[in-house]
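Following: one structure in structure tokens, then a few remarks.
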Amino acid sequence: MTLRLLLIRHGLSSYNLENRIQGRNDLSTLTPEGISQASKIGESLQGLPIHAIYSSPLKRASHTASELLRVLSKSKKIILDNDLLEVDLAPWSGLTIEEVKKQFPNAYLTWKKSPSELTLKREDGINYNPIQELMDQAEKFLEKIFLTHESDKDENIILVAHNAILRCLILKLLGNPKDGLRRIRLDNASLSIFNIEIDDGTPVGIQIESLNSTAHLKPRFPSKGRHGRMILVRHGETDWNKEGRFQGQIDVPLNTNGKKQAIAAGEFLKEVNFDRVFSSCMSRPTETAKIILEAHPALAIQAKSDLKEISHGLWEGKLESEIKSDWGELLLAWQTAPENVQMPEGESIKDVSVRAIKCWQNIRDSLLPHETVLIVAHDAVNKTILCNLLGLSNSDIWKIKQGNGAISIVDITEDSGLPDIVSSLNITSHLGGVIDTTAQGAL
């Protein structure tokens, strides 16, 4: 079965508005804007069957859950679960961020740079590690969910909670990558979706469907920081995507639907002020970039050969069924351990990763703080870049979904000692609904 987890951060709260630390303090409530945001999440999920809804018992989360459920007109009971409580920052709860900086300068610096190393003191004088406790809590919750919802049917489960616990849930699903808490962002009322294959109560396959989508809100994008922003797009659909053929470096053009996807991406991005645009040198991403840039006619596309798709060698132009008959063991290895596969007369995923990440890094290092750049590339290229940004390895490329015409947003960190931030990943709502329904064809 496939368990689809829809992770929702609560709407804007009174403490969010006042820049106060909330933690497990239950004095913070939804603002009118937060209530409106919760309603909009419900509207975005219309038509999607919901099998269960879990929420943190804290008011800002449970109110968000009840409001989105009201809009969905579902008769589901909200299951309040203490394992969805926010991180315990008791010594700081209720203080403004500026007050925490002044009263706990060293601890706050640790929180910003290495949150998993933060140690605080309880009222009884005992020291504790808030993030380690929260990671254990996240693991406990996931184990419970996997066992509770084990069945032979696919299920959609809503989880409404808080910033830190949701990040810990995500990191547990991803294998707890290094510095993971500072690699991702979750905005108020954002939606993140994970697809999880369950076998005998155990996850056997995990995929990020989307991360931190705020497309249902205004503004539709997470706010940009004081440093550069990179928007990564996968090209629109081709006939070979639709047919499930391995296209690799064969220059297959967009089909009619792919052009429509590019138009939709352009409409979604039309209010973004791009400073520069880069594309793979192949025709399908170049055409996608040109269509997106119809709203930005003064910009020229800079072609990058290192962003071209993986070379599948002798597999190119073939269906999976054709490859299976001649390279069955190699195909199985590609599907289960892609980092170990050298394509016959083609590339390995490491080859792609090295050139794609180098190209990405060169563009990244050239960015001025005010700049926003558009980069249009391919499935394997985008996956290796995003894996690197998330602290994952080449063995994890199947954990990353990249739909045709999908949009991901990366913000350059303001601290050179911290990783850049994946602010959104695989947003396809501009193509029709929160679920990615683009072609499930080969690379």
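Structure notes:
- Any hit, segment 384-407, residues being among the acidic types (D, E), touching a strand residue (DSSP E or B) at 6+ places or on another chain (Cβ under 8 Å) and crowded, with 20+ Cβ neighbours inside 10 Å: no
- Among the residues making up segment 409-428, those that are farther than 25 Å from A337 by Cα and either free of Cβ contacts under 8 Å to residues at least 24 places away in the same chain or polar (S, T, N, Q) (or both) are T413, S416, S423, S424, T428.
- Residue count, segment 98-117 (criterion: of a type outside the set (D, E, K, R), over 24 Å from K178 (Cβ atoms) and either loosely packed, with under 14 Cβ neighbours inside 10 Å or within 24 Å of the chain's Cα centre (by Cα) (or both)): 2
- Residue pairs whose Cβ atoms lie under 6 Å apart, separated by 6 or more positions or on different chains, with the first residue in segment 188-203 and assigned by TED's automatic domain parsing to the domain that holds L7 and under 21 Å from L166 (Cβ atoms) and the second hydroxyl-bearing (S, T, Y) and at pLDDT 95 or above, are S190/T214; L191/S213; I193/S210.
- Candidates in segment 351-369 are the residues that are charged (D, E, K, R) and surrounded by 13 or more Cβ atoms within 10 Å (Cβ to Cβ); of these, the one that is farthest from F278 (Cα to Cα) is D351.
- Qualifying residue in segment 414-433 (condition: among the aliphatic types (A, V, I, L, M), more than 21 Å from L269 (Cβ to Cβ) and assigned by TED's automatic domain parsing to the domain that holds R276): yes
- Filter pass, K121 being farther than 24 Å from H10 by Cα, basic (K, R), out of contact with any helix residue (DSSP H, G or I) (no Cβ under 9 Å at 6 or more places or on another chain) and without any contact (Cβ under 8 Å) to a residue 60 or more places away in the chain: yes
- Condition check for T413 on (1) closer than 25 Å to L173 by Cα; (2) of a type outside the set (D, E); (3) assigned to a loop (DSSP other than H, G, I, E, B); (4) out of contact with any strand residue (DSSP E or B) (no Cβ under 9 Å at 6 or more places or on another chain): one failure, at (4).
- Condition check for K318: of a type in the set (D, E, K, R), crowded, with 18+ Cβ neighbours inside 10 Å, free of Cβ contacts under 8 Å to residues at least 40 places away in the same chain and in the same structural domain as H235 (by TED's automatic domain parsing): no
- Where helices (runs of 4 or more DSSP H) fall wholly inside segment 86-152, the ranges with 2 or more residues that are within 17 Å of A164 (Cα to Cα) are 105-113, 130-148.
- Residue count for segment 361-390, restricted to those that are in a helix (DSSP H, G or I), in contact (Cβ under 8 Å) with a residue 60 or more places away in the chain and of a type outside the set (D, E): 9
- Count - residues of segment 2-21 that are over 20 Å from the mean Cα position of the chain (by Cα) and within 18 Å of A138 (Cβ to Cβ): 0
- Yes/no for S348 being surrounded by fewer than 17 Cβ atoms within 10 Å (Cβ to Cβ) and either polar (S, T, N, Q) or not assigned by TED's automatic domain parsing to the domain that holds C281 (or both): no
The values are calculated or read from the model by the stated rules, or taken from the named source; none is laboratory data. Please read all numbers here as calculations on a predicted model, not as lab measurements. Glycine gets a Cβ as well: all are built from the backbone with ideal geometry, and neighbour counts include every protein chain shown.
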